[in-house]
Amino acid sequence: MQVLPEGFSLPPVPYLLALLLALGVVAFGLYRRRPTVTERHVLALAPWMVAGSAFHVLYALNALPAALRPLGGTAAVYLVVAVLAGATWLLADRAGDGGLAVPVALASTGAVAFLASAAVALAWGVDNGSLRLGWAALILVGGCVVAAATWAVLARVRPAATSVTGWVGVLAVFGHALDAVSTAVGIDILGFAERTPASRFIIEVGNSLPTAEFVGGAWLFVLVKLLVAGAIVTLFADYVREEPTEGYLLLGLVAAVGLGPGAHNVVLFTVA
C-alpha cells in the first residue's frame with residue numbers, strides 16, 4: 001500500500017549529504033545553545049512554513065535553475081527550510097538581546113524568502129497566461145472563515161485548550177483549514193488530483209456518498225481535517241501547559257503540516 005505522497009523522492013546524493021550535514025551542524029548548534037522558545041518564536045516560523053511551499057511550487061512548475069532544482073523536491077525542500085530557519089534562529093539568538101529580536105528576525109527573513117519565491121511564481125503565471133488571483137482570494141477567505149468557525153466551536157467545547165495553546169493553536173487550526181479548503185477547491189472545482197494516499201482515500205469515500213452529486217466528495221476531507229486539528233489542539237493543551245518549550249514546538253510542527261500544503265495549493269492554483 002502506498003504511504004508517501006506521489007512525487008516524493010530524495011535529492012541526488014551530493015545534495016542529500018550536504019543538506020544532512022548542514023542540518024546536523026544547525027541542530028547541534030541549537031542543542032548547545034538551547035534558545036528560548038515561546039509562543040512568539042513559533043508564530044515567527046510561519047513565514048518559513050509558507051516559504052518552503054512557494055519554493056516547491058517553482059519546482060513543480062520547472063521554474064528553478066538546474067543547480068537549485070534538486071533542492072525544491074518533496075523531501076529536499078523540508079530539509080532546506082529546516083536548515084535556513086534553524087540557522088537564522090541560531091544567528092539571531094547569538095546576536096540578539098532577547099525580547100522581540102529573534103522572532104522579528106525569524107519572521108522577516110522567512111517573509112523575504114516567501115515573497116521572493118512567490119514573485120517568481122507569479123511572474124511565471126503572467127508569462128504563461130495562467131494567472132488566476134481570484135482563486136487565491138477565494139481560498140484564503142474560505143480558509144479564514146472555516147478556521148474562525150472551528151476555533152469558535154473549540155473555544156466553547158474546550159475553552160481550556162484554546163486558552164492554553166493560544167495563537168499557536170489558532171495557527172494550527174488555520175493551517176489545516178487552509179489545506180482542507182484549498183484541497184476541496186482544487187479537486188471539486190479546478191480538477192486537480194490529491195497526491196497523499198490517506199487524503200485521497202477520504203475523498204474517494206466522500207465521492208461514494210449520495211451527497212457527492214450535490215457538493216462533491218472533498219467536503220468529507222474538510223470535515224476530517226478540522227476534527228483532527230481540533231482534537232490535536234485539545235490533546236496538546238496539557239503538554240503546552242506542563243512543557244511549554246516542547247509543547248509549542250510540536251504544536252508548531254502540527255501547524256506546519258497543514259499550513260505548508262495549504263500555502264502550496266494557494267500558490268499553485270493561482271499560477272498553474
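A few remarks follow.
- Of the set (1) over 30 Å from P103 (Cα atoms); (2) part of a helix (DSSP H, G or I), all apply to A180 but (1).
- For first residues located in the range 68-94 and over 14 Å from G52 (Cβ atoms) and without any contact (Cβ under 8 Å) to a residue 40 or more places away in the chain, partners that are among the polar types (S, T, N, Q) and outside any helix (DSSP H, G or I) and lie 6+ apart or on another chain with Cβ distances below 9 Å form the pairs R69/N62.
- There is at least one residue in the range 105-117 that is over 17 Å from the mean Cα position of the chain (by Cα), surrounded by 18 or more Cβ atoms within 10 Å (Cβ to Cβ) and within 24 Å of T88 (Cα to Cα).
- Applying the criterion of being closer than 19 Å to L171 by Cα and surrounded by fewer than 14 Cβ atoms within 10 Å (Cβ to Cβ) to the residues of the range 128-147, the residue that is modelled with the lowest pLDDT is A137.
- Selection count where residues are free of Cβ contacts under 8 Å to residues at least 60 places away in the same chain and surrounded by 15 or more Cβ atoms within 10 Å (Cβ to Cβ), scope the range 58-67: 2
- Some residue of the range 236-243 being hydroxyl-bearing (S, T, Y) and buried (at least 17 other Cβ atoms within 10 Å of the Cβ): no
- Test: residue in the range 197-208 that is within 17 Å of A256 (Cβ to Cβ) and part of a helix (DSSP H, G or I): yes
- Contact map, the range 25-44: first residue more than 14 Å from T165 (Cα to Cα), second residue in a loop (DSSP other than H, G, I, E, B), Cβ cut-off under 9 Å, separation 6 or more or different chains; pairs are T36/G98.
- Boolean, V185 is touching a residue at least 24 places away in the same chain (Cβ under 8 Å), outside the structural domain of A121 (by TED's automatic domain parsing), part of a helix (DSSP H, G or I) and under 21 Å from A121 (Cα atoms): yes
- Subset of the range 233-250 (residues that are hydroxyl-bearing (S, T, Y) and in contact (Cβ under 8 Å) with a residue 60 or more places away in the chain): T234, T245, Y248
- Number of the condition not met by T36 [criteria: (1) within 29 Å of T270 (Cβ to Cβ); (2) of a type in the set (S, T, Y); (3) in a loop (DSSP other than H, G, I, E, B)]: (1)
- Verdict on V215 being under 24 Å from R156 (Cβ atoms) and surrounded by fewer than 21 Cβ atoms within 10 Å (Cβ to Cβ): no
- G110 of a type outside the set (F, W, Y), at pLDDT 95 or above and under 22 Å from L20 (Cα atoms): yes
- Residue in the range 99-116 that is in contact (Cβ under 8 Å) with a residue 40 or more places away in the chain and under 24 Å from R195 (Cβ atoms) present: yes
- Annotation note: of L190, L140, the sole residue that is in contact (Cβ under 8 Å) with a residue 40 or more places away in the chain, closer than 17 Å to N265 by Cβ, hydrophobic (A, V, I, L, M, F, W, C) and outside any helix (DSSP H, G or I) is L190.
- Yes/no for G175 being under 22 Å from A155 (Cα atoms), surrounded by 20 or more Cβ atoms within 10 Å (Cβ to Cβ) and touching a helix residue (DSSP H, G or I) at 6+ places or on another chain (Cβ under 8 Å): yes
- Number of positions in the range 65-91 that are in a loop (DSSP other than H, G, I, E, B) and over 19 Å from R195 (Cβ atoms): 4
- Residue check, L19 within 21 Å of the chain's Cα centre (by Cα), more than 18 Å from L268 (Cα to Cα), surrounded by 18 or more Cβ atoms within 10 Å (Cβ to Cβ) and modelled with pLDDT of 95 or more: yes
The values are calculated or read from the model by the stated rules, or taken from the named source; none is laboratory data. Just so it is clear, the structure is predicted and the values come from calculations on it, not from any experiment. Neighbour counts run over all protein chains shown; Cβ positions are idealised from the backbone, glycine included.
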